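Asker: This is the structure I have questions about; it appears just below.
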Amino acid sequence: MITRIRFYAFIMMLWTANALHAQTYHDRLPLIPAPDSVREMAGQFVITPQTMIVVSDDSLRPEAFLLNALFQKMYGFSLTIVKGEKPNAGSLFLASGLASGKIPGAYQLKVTKNHVFIKGDAAVGVFYAVQTLGQLLPAGKSNSITVPCVEIMDAPRFSWRGMHLDVSRHFFSVEFVKRYLDHLARYKMNYFHWHLTDDQGWRIEIKRYPKLQSVSAWRNGTRIGHYSEQPERYDSIRYGGFYTQEEIRSVVEYAAKLHITVVPEIEMPGHALAALAAYPELSCTGGPFEVGRTWGVFQDVFCPKEETFEFLENVLTEVCALFPGPYVHVGGDECPKDRWKECARCQSLIKKEGLKDEHELQSWFVQRIGRFLQTKNKKLIGWDEILEGGLAPDATVMSWRGYSGGNEAARQKHDVVMTPTGYCYFDYFQSRNSSEPLAIGGYLPLERVYAFEPVSAELSAEDARYIIGAQANLWTEYITSEEKVEYMLLPRLCALSEVVWSETGSRNYSRFISRLTAHFKLLDYLGINYSKAVFDVQSEVMPNNGRGVSVSLSSPYKLGMIRYTLDGVDPDHSSPVYAAPILSDQSLWIKAAVFDGFTRKGTILEQVYRCNLATGKEIVLANKPDEEYCRGGGFTLVNGLTGSLPWNGADWLGFRGTDLVAVIDLGQAMSISRVALDVLRDEGSWIHYPRRVEVLVSDNGSDFTSVYSLSKEYLDPANRLVKMKFDRVKTRYVKVVAENAGSIPDGMPGAGNPAWLFVDEISVE
Ligand code: TNX
């Protein structure tokens with residue numbers, strides 16, 4: 001009998017082992033970013049206050065201290081640290097010397113019933129192993145902590161795994177900046193880009209220029225509501241602050257312990273209004289100026305004269321001394337050239353230096369600063385505008401206006417950090433929920449961050465090597481509190497960390513979500529704020545064989561179920577469970593939410609589809625939309641769904657500098673007399689109303705006759721919907737043209753750049 005039980009136990013064991021294998025670790029251990037390889041083993045290791053940490057050499061003591069700090073925070077005790085050659089039974093052993101890969105940070109973490117064995121390539125690898133171990137710890141106070149037995153091998157994909165924080169638009173305390181660094185470290189990020197100066201406040205103490213502290217660090221009020229709101233409203237609260245050099249040093253030191261390099265950003269020549277308010281003589285006009293109280297781009301910028309360079313070099317001398325890292329970020333973005341065009345001094349400088357125009361003058365400006373930084377042994381890094389008029393030798397480019405600047409820089413053999421707005425701007429909305437807190441605009445849900453690939457397929461293998469990594473940016477125009485910083489950061493940082501750390505092959509969104517939702521327990525336990533948009537229902541609309549649309553609902557959260565209604569009533573736990581796509585050639589009103597038993601997990605998705613003759617029909621676009629705003633392709637324009645505001649990557653097509661030319665095949669000749677085009681106007685985001693619209697018809701799809709055309713003078717940009725009525729005509733093909741506004745005029749945000757044209761829907765009646 002006993003043997004039989006043993007036999008069954010054996011079979012059961014095999015079965016469980018197999019099951020574990022089939023399910024893969026991804027779904028079980030809440031590790032983010034996903035390690036290269038994870039082998040789960042039976043059993044667990046138990047940590048008590050008596051467990052010891054053994055370090056193989058003294059250089060690893062700091063990592064042991066950090067592990068202890070984590071135990072202290074989570075369980076209220078810390079362990080004794082001793083030095084030793086090998087893992088004692090019952091101890092946590094930390095060693096270095098693992099064969100390292102190209103990029104520092106590789107580690108092995110082995111948890112057995114007897115000990116925890118950590119081996120890193122160096123202290124940095126040990127540090128990352130400790131972070132991984134931290135994510136395996138149970139969320140709940142106890143004196144007996146169990147860790148599952150597992151063997152992990154891991155190494156980073158990119159050497160630049162960055163996260164940015166703007167402390168100018170809103171200011172955050174040193175304590176909070178350190179907490180922010182903890183978040184970065186938890187997900188193995190290694191660069192902190194500290195945006196220290198901008199129009200609305202100068203936040204770093206520079207001893208030589210005390211007015212940067214007394215004047216530039218403070219503004220007399222702040223814009224209320226969104227930048228696009230009219231009339232403009234302001235509060236009159238004096239707002240500001242700055243970090244003393246001592247505080248800066250303490251942040252840099254703190255970051256170094258977390259193996260994070262701090263990259264300070266001192267903005268020039270643009271975004272410099274706060275500095276000019278204190279030192280107006282550094283401008284072209286002489287001022288006076290006040291520290292910015294609203295957002296956007298200001299015309300007054302540093303004037304490229306000797307006093308300015310003297311000032312900037314003195315500032316940078318103090319900055320270089322404070323930040324031991326190799327990089328200094330000099331901004332370079334959004335510098336309007338209006339003042340330089342009107343300034344006799346600038347114009348004679350252009351002549352004297354043999355420059356073509358103001359863009360080359362900006363490039364000359366940045367190159368001069370680059371040469372100065374070289375004397376300090378620092379590398380210059382700047383936003384992709386530093387490409388215009390020629391790159392400074394050895395400059396590293398941070399590509400934010402899509403991929404193109406970064407790709408171009410890589411082709412010129414310059415290092416590149418990718419941070420395209422469409423994937424990396426954490427100041428964008430992450431949910432379409434109408435109760436979402438105010439954000440700048442745009443839509444960047446978790447899934448889209450997760451889909452980010454820093455290396456564009458357009459690059460050759462040789463040029464791709466210059467993409468040293470990626471980062472996300474957190475601009476804080478609308479982020480006024482620490483809680484909101486965390487809310488905007490998390491969990492999007494989790495997705496980004498996987499993009500920059502994990503092997504591309506291991507990326508799988510639904511597995512990521514199961515690990516992430518399990519990992520939320522730890523965030524809850526640590527009292528960290530994060531967005532729960534991941535529990536929202538997602539929808540996908542497809543053409544239904546020429547007869548309207550087919551709408552599928554899904555949720556990445558597999559533990560719940562989707563319930564929905566079609567009558568406008570909010571779904572509850574008794575509403576129908578979604579099982580198959582909803583088909584319709586009539587208008588459709590869908591409300592849906594995810595339920596875990598009786599509990600609704602996320603918010604309610606609400607979508608209205610308005611079907612017309614064009615809905616679900618074949619559509620061909622002559623010009624490709626930009627790769628950042630092309631999801632859903634041409635069908636986006638005939639899917640019955642009006643793009644939501646805030647505008648986003650899902651329901652809108654974005655054309656950068658090019659026109660919309662769409663041909664819809666109605667399938668057979670139909671009688672029509674109206675075409676409506678839904679367009680977006682958001683000039684703050686460089687999105688402009690079209691210059692001209694036209695409707696053409698054809699029976700054969702190649703010879704078109706114009707039936708309607710209207711140009712700028714007659715178009716009313718106040719209308720989101722461009723309604724085009726004409727004499728009733730029978731036709732099979734309908735061509736709709738919307739001409740891009742062209743280059744953005746001077747004085748507007750993004751002046752000189754190609755305007756965006758955003759369209760989301762064409763209806764034909
Ligand atoms: C553009 S990205 C900026 C910032 C704004 C941000 C808002 C970049 C280099 N410049 O000044 O805060 O957009 O999303």
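The values are calculated or read from the model by the stated rules, or taken from the named source; none is laboratory data. The shown structure was predicted, so the numbers you read here are calculated from the model rather than taken from an experiment. Cβ placement follows ideal geometry from the backbone for every residue including glycine, while neighbour counts extend to all protein chains displayed. Only protein heavy atoms, including side chains, enter the accessible area calculation; ligands, DNA and RNA are left aside. Shrake-Rupley method; radii C 1.70, N 1.55, O 1.52, S 1.80 Å.
Asker: Let me check against my output: what whole-number percent is the relative contact order of the stretch 119-277, with C-alpha pairs under 8 Å and at least 6 apart?
Answerer: Relative contact order of the stretch 119-277: 25 percent.
Asker: DSSP beta bridges in the stretch 191-318, what fraction antiparallel, as a percent rounded to 5?
Answerer: 55
Asker: How much of the calculated P(r) for the stretch 326-430 lies past 23 Å, in percent of all Cα pairs?
Answerer: Values: 1751 of 5460 pairs.
Summing the P(r) of the stretch 326-430 above 23 Å gives 32 percent of all pairs.
Asker: Another question, if that's okay. Run the count for the stretch 492-643, please: Lys pairs, Cα-Cα under 21 angstrom, 8 or more apart or on different chains.
Answerer: Close lysine pairs found across the stretch 492-643: 9.
Asker: Now, a different point. Find how many whole Å separate the alpha carbon centroid of the stretch 95-133 from the alpha carbon centroid of the stretch 645-721.
Answerer: Each part reduced to its Cα centre gives a spacing of 57 Å.
Asker: Here's another thing I want to ask about it. Need one value: the accessible area of TYR733 in square angstrom, 1.4 angstrom probe, rounded to the nearest 10.
Answerer: That residue has around 40 Å² of solvent-accessible surface.
Asker: Also: Taking θ as phi - 60°, what are the ³J(HN,Hα) couplings along the stretch 105-120 by the Karplus curve (6.51, -1.76, 1.60), each to the nearest whole Hz, with x for Gly and Pro?
Answerer: Per-residue couplings from phi come out as x, 5, 7, 10, 10, 10, 10, 10, 5, 8, 7, 10, 10, 10, 10, x Hz.
Asker: Convert 25 °C to kelvin, take the viscosity as 0.890 mPa s, use the Kirkwood radius over C-alpha pairs of the stretch 554-658 as Rh, and evaluate the Stokes-Einstein diffusion coefficient in µm²/s, rounded to a whole number.
Answerer: 157
Asker: I need the Debye-formula profile for the stretch 23-151: one equal scatterer per C-alpha, no solvent, reported as log10 I(q)/I(0) at q = 0.13 1/Å, two decimals.
Answerer: Taken in order of the listed q values, log10 I(q)/I(0) reads -0.48.
Asker: I would also like to ask the following. Only bridges whose two residues both fall in the chain count here: according to DSSP, what percent of them are antiparallel, nearest 5?
Answerer: 65
Asker: Which log10 I(q)/I(0) values does the stretch 437-551 give at q = 0.22, 0.23, 0.24 Å⁻¹ under the Debye formula, counting every alpha carbon as one identical point scatterer?
Answerer: Result of the Debye calculation: -1.29, -1.34, -1.40.
Asker: For TYR629, which sequence-distant residues (separation of 5 or more, or a different chain) have an amide H within less than 5 Å of its own amide H, given hydrogens modelled in the peptide plane?
Answerer: The list, which skips near neighbours in sequence, is GLY654.
Asker: Another question about this same structure. Would you kindly compute the Cα radius of gyration of the stretch 269-366 and its largest Cα-Cα separation (Dmax), both in Å?
Answerer: When restricted to Cα atoms, the stretch 269-366 yields Rg and Dmax of 13.8, 39 Å.
Asker: Classify the stretch 261-312 as rounded, prolate or oblate, taking a ≥ b ≥ c as the square roots of the eigenvalues of its Cα gyration tensor: rounded when a/c is under 1.5, otherwise prolate if a/b is larger than b/c and oblate if not. Before the final figure, lay out the partial values.
Answerer: Numbers: a/c = 2.01, a/b = 1.12, b/c = 1.80.
Note, shape of the stretch 261-312 comes out oblate.
Asker: Can I ask one more? Using modelled amide H (1.01 Å from N, peptide plane; none on Pro or chain starts), what sits under 5 Å from the amide H of PHE93, excluding residues fewer than 5 places away?
Answerer: Excluding prolines and chain starts, which carry no amide H, the hits are VAL54, VAL116, PHE117, ILE118.
Asker: Which whole-Hz couplings ³J(HN,Hα) result when phi for each residue of the stretch 600-609 is put into the Karplus expression 6.51 cos²θ - 1.76 cosθ + 1.60, θ = phi - 60°, listed in order with x for Gly and Pro?
Answerer: Running phi through 6.51 cos²θ - 1.76 cosθ + 1.60 with θ = phi - 60° gives 7, 8, x, 8, 8, 7, 10, 9, 10, 9 Hz.
Asker: Taking amide H positions as placed 1.01 Å from N in the peptide plane, with prolines and chain starts having none, which residues 5 or more places from GLY325, or on another chain, fall under 5 Å of its amide H?
Answerer: Close amide H contacts, sequence-distant or interchain: VAL262.
Asker: Solvent-accessible area per residue for the chain at a 1.4 Å probe radius, Å²?
Answerer: On the way: 30780 Å² over 765 residues.
So the chain comes to 40 Å² accessible per residue, rounded to a whole number.
Asker: Compare the Cα positions of VAL366, PHE595, ALA256 along the charge dipole of the chain (+1 at Cβ of Lys, Arg; -1 at Cβ of Asp, Glu; about the Cα centre) and return the one farthest towards the positive end.
Answerer: With unit charges placed on the Cβ atoms, the residue in question is PHE595.
Asker: Another question, then. Helix-only mean residue ellipticity at 222 nm, the chain, DSSP H runs n ≥ 4 weighted -39,500 (n - 2.57), per residue, nearest 500. What is it?
Answerer: -7500 deg cm²/dmol
Asker: Using the Kirkwood radius built from alpha carbon pairs, what does the Stokes-Einstein equation give as D for the chain at 37 °C and 0.692 mPa s, in µm² per second?
Answerer: D = 115 µm²/s.
Asker: Just to confirm my understanding: which cysteines in the chain have no other cysteine beta carbon less than 4.7 Å from their beta carbon?
Answerer: Taking the Cβ cut-off of 4.7 Å, the unpaired cysteines of the chain are CYS149, CYS320, CYS335, CYS424, CYS494, CYS611, CYS630.
Asker: Rounded, prolate or oblate, given the Cα gyration tensor of the stretch 204-360, with a/c below 1.5 counting as rounded?
Answerer: oblate
Asker: Next up: Determine the relative contact order of the stretch 351-463: mean sequence separation of Cα pairs under 8 Å and six or more apart, normalised by residue count, in whole percent.
Answerer: 17
Asker: Still on this structure, please answer the following. For the chain, return all DSSP H helices satisfying: extent of Cα atoms along own axis at least 15 Å; mean Kyte-Doolittle hydropathy at least 1.0. Mind showing how you got there, number by number?
Answerer: Values: long enough: 2-23 (31 Å, 0.68); 61-75 (20 Å, 0.05); 123-136 (20 Å, 1.20); 174-186 (18 Å, -0.29); 245-257 (18 Å, -0.62); 306-322 (24 Å, 0.43); 358-375 (26 Å, -0.59); 509-526 (25 Å, 0.14).
For the chain, where a helix must reach 15 Å along its axis and average at least 1.0, the hits are 123-136.
Asker: The stretch 602-716: D in µm²/s via Stokes-Einstein (Kirkwood Rh, Cα pairs, 25 °C, 0.890 mPa s)?
Answerer: Numbers: Rh = 15.7 Å.
Roughly 156 µm²/s, to the nearest whole number.
Asker: Still on this structure, I have one more. What list of ³J(HN,Hα) values in whole Hz, one per residue of the stretch 225-231 in order, does the Karplus curve 6.51 cos²θ - 1.76 cosθ + 1.60 (θ = phi - 60°) give from phi, with Gly and Pro shown as x?
Answerer: x, 7, 3, 8, 6, 10, x
Asker: Using a 1.4 Å probe on the protein heavy atoms only, what accessible surface does LYS558 show? Give it in Å² to the nearest 10.
Answerer: Roughly 140 Å² of LYS558 is accessible to a 1.4 Å probe.
Asker: Considering Cα pairs under 8 angstrom that are at least six residues apart, work out the relative contact order of the chain and quote it in whole percent.
Answerer: 9
Asker: What is the percent carbon and sulfur in the accessible area of the chain, measuring with a 1.4 Å probe over the protein chains and ignoring ligands?
Answerer: For the chain, the apolar C and S fraction of the accessible surface comes to 52 percent.
Asker: What order do GLU618, GLU483 take when sorted by accessible area (1.4 Å probe), most exposed first? Write down the numbers at each step before the final one.
Answerer: Values: GLU618 135, GLU483 105 Å².
If we order GLU618, GLU483 from most to least accessible, we get GLU618, GLU483.
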